[in-house]
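Below is one structure, written out as structure tokens; comments come after it.
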Amino acid sequence: MLKGKHIILGITGGIAAYKSVVLLRLFVKAGAEIQVVITPSGKEFITPVTLSALSGKPVISEFFTANTGQWNSHVDIGLWADAMVIAPATASTIGKMANGIADNMLVTTYLSAKAPVFVAPAMDLDMMAHPTTTRNIEQLRADGCHIIEPGTGELASHLTGKGRMAEPEDILAEIERFFYNNKSLEGKKILITAGPTVERIDPVRFISNFSTGKMGYALADEASRRGAEVTIVSGPVDISPSERNIKVINVESARDMLSECEKAFPDCDIAVMCAAVADYAPKETAEKKIKRENSDRMQIELVKNPDISATLGRLKKENQLLIGFALETDNETENALRKIKNKNLDLIVLNSLNDEGAGFGKDTNKITIITAKDDIQSFPTKSKREVAVDILDFIETKLHPQ
């Protein structure tokens, strides 16, 4: 999406400038060509040497180069760019941009830019909440800037509130979303399960697993970017979709997840069963906390949870695709093929705990996709976001066979 794109990365004088280095690396990795423009105070937080080494271009800060007198044309830079991203954007820079105070190279470049401008504010919570800042941000929004909202958390002042610059990965996703033209799943309804299930023993204890939901949410975001109407049925996780129009249904147990899937599945074109559903649950859940003092041993009788994929497989119509996931430790392919047949799946995504970079909690995955016709395609270790692209590309071949 960003390959060959020209992006101006504007960096201002805030502690969040350290995140701009990560953002720069992400842009370069995505194939973009980056020109960094930094304010004089920005150089107090991150050096031009670091930024130049990563971008492959001299960093621009002044109107002309002191040693040679070479003029840095803000007009030429503005015409060159496909997008301008200012991250972090301090209260001072936002105020200058909103009021046309062109006293440094960055603001002058902003005023000359023909391309869309993305602004990622970063400041302390009181500055962020001040009426002046609010007014200036709204002015930039009215002027056509895309505001990438800051997050809430601990700030440099050690206070907690809104003002943290958006994470570099989220900024990258915002820019990619702007340039994304692939609407290959437009009009499709996709159901995705994600995360673990939690099976209660008593009010404070439960049985679960180490799933974080990262793979399921990456799939949901990618499907949404392709134009699909996406519903996630999610067990307890600490993440949220990057795409705003994804419907999230939060559940706890396997039975809760099954109930919501049975409601959503009949209207879906595609269902992707990515959740790590607990195979067993306590036969009985204690109403009160089980006291350790009452016994030297705790015995819990477990019963099988319903198989959500198999249940949907029995309900599946000819015009629907059902995709399963399998995390195995031995006899991986044989187990996956058996699951395809037993659950009436169209294909299954297999990963193994024996593969480095695969499994719960990681940012990467290594998968093999196996179809009901025993077609097998393996992929190298990739980020879960890239894996989501591979999976959906493969699913689309099922929707539109050559």
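The values are calculated or read from the model by the stated rules, or taken from the named source; none is laboratory data. Quick caveat, the model's predicted, so the values are computed rather than measured. Cβ sites come from the backbone with ideal geometry, for glycine too, and all protein chains shown count toward neighbours. All accessible areas refer to the heavy atoms of the entire protein, side chains included, with ligands and DNA or RNA removed. Shrake-Rupley method; radii C 1.70, N 1.55, O 1.52, S 1.80 Å.
Tabulated data
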read-out: Residues of region 30-64 satisfying the condition of being within 21 Å of the chain's Cα centre (by Cα) and farther than 24 Å from Pro150 by Cβ; value: Gly31
read-out: Residue match in region 144-151 (condition: within 19 Å of Pro241 (Cβ to Cβ) and in contact with a Cys (Cβ under 7 Å, 6 or more places away or on another chain)); value: no
read-out: Hits in region 338-349 (condition: surrounded by fewer than 19 Cβ atoms within 10 Å (Cβ to Cβ) and in contact (Cβ under 8 Å) with a residue 24 or more places away in the chain); value: Lys341, Asn342, Asn344
read-out: Pair list, Cβ under 7 Å, 6 or more apart: region 350-368 residue modelled with pLDDT under 80 and in a strand (DSSP E or B), other residue among the hydroxyl-bearing types (Ser, Thr, Tyr) and open to solvent by 70 Å² or more (accessible area, probe 1.4 Å); value: Ser352/Thr329
read-out: Complete set of residues in region 44-54 that are under 12 Å from Ile34 (Cβ atoms), touching a strand residue (DSSP E or B) at 6+ places or on another chain (Cβ under 7 Å) and free of Cβ contacts under 8 Å to residues at least 40 places away in the same chain; value: none
read-out: Region 247-270, subset of a type in the set (A, V, I, L, M) and touching a residue at least 40 places away in the same chain (Cβ under 8 Å), residue farthest from Arg226 (Cα to Cα); value: Ala254
read-out: Every residue from region 369-398 that is open to solvent by 10 Å² or more (accessible area, probe 1.4 Å), part of a helix (DSSP H, G or I) and either modelled with pLDDT of 90 or more or charged (D, E, K, R) (or both); value: Lys384, Arg385, Glu386, Val389, Asp390, Asp393, Phe394, Glu396, Lys398
read-out: Extreme residue, farthest from Ile94 (Cα to Cα), among residues of region 108-165 that are assigned to a loop (DSSP other than H, G, I, E, B) and charged (D, E, K, R); value: Lys114
read-out: Residue that is nearest to the chain's Cα centre (by Cα) [pool: residues in region 222-238 that are in contact (Cβ under 8 Å) with a residue 24 or more places away in the chain and more than 18 Å from Val251 (Cβ to Cβ)]; value: Glu222
read-out: Top-ranked residue of region 316-335 - restricted to ones that are open to solvent by 90 Å² or more (accessible area, probe 1.4 Å) and not polar (S, T, N, Q), ranked as modelled with the highest pLDDT; value: Lys317
read-out: Single condition Asn99 does not satisfy, out of (1) on the phi < 0 side of the Ramachandran plot; (2) crowded, with 21+ Cβ neighbours inside 10 Å; value: (2)
read-out: Subset of region 239-275 (residues that are aliphatic (A, V, I, L, M), within 19 Å of the chain's Cα centre (by Cα) and under 18 Å from Phe325 (Cα atoms)); value: Val272, Met273, Ala275
read-out: Criterion: open to solvent by less than 10 Å² (accessible area, probe 1.4 Å), of a type outside the set (Phe, Trp, Tyr) and within 17 Å of the chain's Cα centre (by Cα) - qualifying residue of Leu191, Leu219; value: Leu219
read-out: Residue among Arg135, Arg205, Arg164 that alone is farther than 25 Å from Thr39 by Cα and of a type in the set (Lys, Arg); value: Arg205
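Condition check ((1) more than 26 Å from Ala372 (Cα to Cα); (2) open to solvent by 80 Å² or more (accessible area, probe 1.4 Å); (3) in contact (Cβ under 8 Å) with a residue 12 or more places away in the chain) across all residues:
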| residue | (1), (2), (3) |
| --- | --- |
| Asn245 | yes, yes, yes |
| Val272 | no, no, yes |
| Ala276 | no, no, yes |
| Asp279 | no, yes, yes |
| Lys291 | yes, yes, no |
| Val303 | yes, no, yes |
| Leu312 | no, no, yes |
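For (1) free of Cβ contacts under 8 Å to residues at least 12 places away in the same chain; (2) within 22 Å of the chain's Cα centre (by Cα); (3) open to solvent by 10 Å² or more (accessible area, probe 1.4 Å), each residue gets a yes or a no:
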{"position": "Thr134", "(1), (2), (3)": "yes, no, yes"}
{"position": "Leu140", "(1), (2), (3)": "no, no, no"}
{"position": "Gly144", "(1), (2), (3)": "no, no, yes"}
{"position": "Gly151", "(1), (2), (3)": "no, yes, yes"}
{"position": "Pro168", "(1), (2), (3)": "no, yes, no"}
